[in-house]
Every structure is written in structure tokens, then in C-alpha cells.
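Take a look at the structure set out below.
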């Protein structure tokens, strides 16, 4: 085991130990202006308080964050099971289950919907997408709190095939975006982290362990998305999870910054090249209507390659037009040397048959992508919502996709049939229609430059 693997293993040890200690650690303030570590004692936790400063919605994406108790926790409290203990220590838990089906009108060979369709990769294949369980305690943040938190999340289902981090794949060696194809349903440790808020300035929040990527408009957790299918940005242009240490600081009620060191794209207990990557982030809350987030990750990411650094810059904007209408925008720029590919027409037999093949050129590669989102509630009860996504990806050097340009547009509905029923309000049905178009034949095994899919998903959140 390399020194980087030992470091990652140590982080998970910290997660386990820290999770236990968190149940008894008390938040305390220093009256002298410097951290008073003696007040970090093994005592009962107070009830969590609201964050002292407004936070952009984006900042909720790197940890498990829920504003209200889920159905399972509420019912256990009402029935007198563990309610006092969870309230006493500020613990929350819950989960969701989802199933889905996609139909491809192109009728592709072997039912494959194309590279870049990460979770909905197969047509005519009903599946259990996700059964997700999580347990968390949110650290009390702010300038006067010395407090710890933690998060644990486990996912079972077909989506787990494409999110295994290196060193935590119990089924083989596949990591995103290639994935571990078999069996159809797998289990994955999505998140295991601890947080520590220190009373430094306005409060310095450390996160250590494995956590989902703290940027991107779409997420692994399907309940946080507006559509069933995922964008090319989510599937190809960002890591699914990171393992390492980050520190976040709120400069004031509008600006915050984050920086950290991680093992690499979708690396955990093992590292494919033993060189870390660096992450940085700046967020700006312009108003109650507008949030902005700029994130970057830099480091060598290819196996056994320590010199070719991948550079990724992600910019996001969230626009809340009113209580019923929200829009989002995301732009990604990337560069990596010596990874270019191209299409080449090759004669494959004595009859002069020409076949287009995908070959590597080793050229330096640049890529660009942009996506726009919209979600509009049609009624005050939230029973019906229209969700839209439009996306463009240019990867002319073929580093992350194929050497082509691709467009996609998705129209989806979110239907909550029983919004006022205690047991039924967590149930949602999401039908969608999606059209993909490319400037080259990259769909149906290189036979078509377009495809249309129809999908439906059912989710139950508890």
C-alpha cells in the first residue's frame, strides 16, 4: 500500500472515531477571541441553531443537508423510539428509494443509450436505481462555536455501478465514467466524513473524509435533481466524489471561500498515480434571488501519470425568479495535455470496406460545456412542476467524450400526487422526454447522430 493509500485510510479512521466522539462533544465559545479548546468537552449537545450567515444553496451540495425531518425520523419520534436521543444530539437520518425505465426510439444495438448517459445507460431495462440511507449531524457553524459533525451515506442499486471510488469498489476496478457493469445492483459508500467548526474569525469549517463533489447543478442523490437523466457535464466533466480535507471560511454574509487537498477524481483508499489534486472555490450570494459559485480542481488524474495535469473550472449561477420559478446555469472549461482522440476512416478488408474507428492522437485537449435549467411549479401545492434542461458540449479533441459537438434538450414533469398526505407526500413520479444530437455519428454504435428517449421514474422519500 502506498503512502497515499495509507493517508486515505487514515482519513476514514478519523471519520469513524470522529463520528462517535461527535455524539458527545459540546459547542462552546471563546470569550477571549481565540479558540478555547478546553471547552470542547464530552457533554450533551445543544439543539442545532440556524447558520448565523446566509449561505448560497450550492454550499449544501458537499454534505448531507436537510431542512426538515424525514418521514422515518418523524414517525419514530412520534412513537417514542429514539426521538429524545436524536433530538438531544442533533442527529438526523432518512433516505429514499427510486425505480426507473428508459425507452430509446432509436432502438440501439444491445440497448445501449450511448457513452455519457451515466445512470440511464440501457433502454428497455427496468431497474432499481437507488435505495439510499443516510445519517448525519450538522456542525454548529459561526464565530463562537467549536463543534463537530459527521455524515454517512450508503447507496444500493444500479446507479452505484458508476460512482465507485478507487479503493472502495467491492466488485472490481471500474471507476467513473466507465463504471463497474455487473452485477446490475451494487452497493456503494457514497459519503463518510467528519466536520469541525473552529471559532476562528467568522468560523472556519473543516471537512475530512469522502464526500460528494461540492459543485455541479446535478447530484448523485436523485431527489436533489430536476430530471431523471443526467447531463453530460455531470456524467463526464466532473468527479462524482472526492476524498480528502477541505476548509471553508465565510468572509461575510455574501462571500465565502474554500480550499483543500483531495486524492483525485473518484479516488479514495487507493490512488491511481500517488499525486494529490487541489480544489478551490469561491461563492457569492448577490441577493435572495441570485447565487454564484466558481470552483476549480487541478491535478494529474490518469493512471500512473504524474505530470499531465487536468485543469477544470466550473461556474454556476442560481436564479430564483419567484416562489414558483427557479433557473440555473452552469459552464465548464477543461484542459488536459496528451489525451486527444479522433475519428479515422480505415479500410478493414480486401473489398475496400471502410469503417470509422476511434483512435488516440495524444494531442492536448480543451473542452467546453454549458447548460441551462428551469423549474416551474404549476400549482401552489407543488403537485405539478415543469422542469427543463438544455445543454451543449464541445470536445473537439475527444478527451472526455468523442471528438465532436453534442446537444441535448430534456423536458420533464415532476408529479407529487398526494402533497398533503403524511405517507404520500414523499412519493413523486417523473416522466421525461430527451433528445440528443451530435455533429458526428456517435449514437447507436456509431450509426446515428441523434436519438430520442422517453423515461419515467418513481421516487419515495422517507
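Within the stretch 359-385, how many residues turn out to be surrounded by fewer than 15 Cβ atoms within 10 Å (Cβ to Cβ) and part of a strand (DSSP E or B)?
Residues in the stretch 359-385 being surrounded by fewer than 15 Cβ atoms within 10 Å (Cβ to Cβ) and part of a strand (DSSP E or B): 2 in total.
Just a yes or no: is a residue in the stretch 386-403 crowded, with 16+ Cβ neighbours inside 10 Å, modelled with pLDDT of 95 or more and over 26 Å from residue 441 (Cα atoms)?
The answer is yes; a qualifying residue exists.
Give the residue, chosen from 389, 400, 356, 430, that is part of a loop (DSSP other than H, G, I, E, B), closer than 26 Å to residue 107 by Cα and in contact with a strand residue (DSSP E or B) (Cβ under 6 Å, 6 or more places away or on another chain). Talk me through it step by step, then tell me what you get.
Details: 389 fails: part of a loop (DSSP other than H, G, I, E, B); 356 fails: part of a loop (DSSP other than H, G, I, E, B); 430 fails: part of a loop (DSSP other than H, G, I, E, B).
Residue meeting the stated conditions: 400.
Residues in the stretch 223-241: is at least one more than 24 Å from residue 119 (Cβ to Cβ) and either touching a helix residue (DSSP H, G or I) at 6+ places or on another chain (Cβ under 9 Å) or not in a helix (DSSP H, G or I) (or both)? Talk me through it step by step, then tell me what you get.
Let us first name the residues in the stretch 223-241 that are more than 24 Å from residue 119 (Cβ to Cβ), namely none.
No.
So, restricting to strands (runs of 3 or more DSSP E) that lie completely within the stretch 126-220, which ones have at least 3 residues that are closer than 18 Å to residue 99 by Cα?
Details: elements: 127-137, 147-157, 186-198, 204-212.
It comes to 127-137, 147-157, 186-198.
Does residue 293 meet the test of being buried (at least 17 other Cβ atoms within 10 Å of the Cβ), under 13 Å from residue 215 (Cα atoms) and within 17 Å of the chain's Cα centre (by Cα)? Let's see the steps before the verdict.
Numbers: buried (at least 17 other Cβ atoms within 10 Å of the Cβ): yes; under 13 Å from residue 215 (Cα atoms): yes; within 17 Å of the chain's Cα centre (by Cα): yes.
Yes; evaluated as a whole, the condition is true for this residue.
Sort out which residues of the stretch 370-391 are within 22 Å of the chain's Cα centre (by Cα) and in contact (Cβ under 8 Å) with a residue 24 or more places away in the chain, and write them in order of number.
First, pick out the residues of the stretch 370-391 that are within 22 Å of the chain's Cα centre (by Cα): 370-375, 387-391.
Answer for the stretch 370-391, where residues must be within 22 Å of the chain's Cα centre (by Cα) and in contact (Cβ under 8 Å) with a residue 24 or more places away in the chain: 370, 371, 372, 373, 374, 375, 387, 388, 389, 391.
Of the numbered conditions (1) under 28 Å from residue 340 (Cβ atoms); (2) touching a residue at least 60 places away in the same chain (Cβ under 8 Å); (3) outside any strand (DSSP E or B), residue 423 satisfies every one except a single condition; which is it?
Going through (1) under 28 Å from residue 340 (Cβ atoms); (2) touching a residue at least 60 places away in the same chain (Cβ under 8 Å); (3) outside any strand (DSSP E or B) one by one, residue 423 breaks only (1).
Condition first: within 19 Å of the chain's Cα centre (by Cα), surrounded by fewer than 20 Cβ atoms within 10 Å (Cβ to Cβ) and either modelled with pLDDT under 95 or over 22 Å from residue 248 (Cα atoms) (or both). Now tell me which residues in the stretch 296-322 satisfy that.
Once the filter is applied, which keeps residues that are within 19 Å of the chain's Cα centre (by Cα), surrounded by fewer than 20 Cβ atoms within 10 Å (Cβ to Cβ) and either modelled with pLDDT under 95 or over 22 Å from residue 248 (Cα atoms) (or both), the stretch 296-322 yields nothing.
Take the residues in the stretch 208-226 that are more than 13 Å from the chain's Cα centre (by Cα) and surrounded by fewer than 24 Cβ atoms within 10 Å (Cβ to Cβ), then tell me which one is farthest from residue 139 (Cα to Cα).
Here is the first cut: in the stretch 208-226, the ones more than 13 Å from the chain's Cα centre (by Cα) are 208-209, 226.
Subset that is surrounded by fewer than 24 Cβ atoms within 10 Å (Cβ to Cβ): 208, 226.
Working: 208: 13, 226: 28 Å.
Filtering the stretch 208-226 for residues that are more than 13 Å from the chain's Cα centre (by Cα) and surrounded by fewer than 24 Cβ atoms within 10 Å (Cβ to Cβ), the one farthest from residue 139 (Cα to Cα) comes out as 226.
What is the one condition in (1) assigned to a strand (DSSP E or B); (2) buried (at least 24 other Cβ atoms within 10 Å of the Cβ) that residue 264 does not satisfy?
Only one criterion is unmet by residue 264, namely (1).
How about the stretch 323-340: which of its residues are outside any strand (DSSP E or B), modelled with pLDDT of 95 or more and over 27 Å from residue 358 (Cβ atoms)?
Within the stretch 323-340, 324 is the sole residue that qualifies.
The values are calculated or read from the model by the stated rules, or taken from the named source; none is laboratory data. These numbers come from a predicted model, not from an experiment. Every residue, glycine among them, receives a Cβ derived from its backbone with ideal geometry; neighbour counts consider all protein chains shown.
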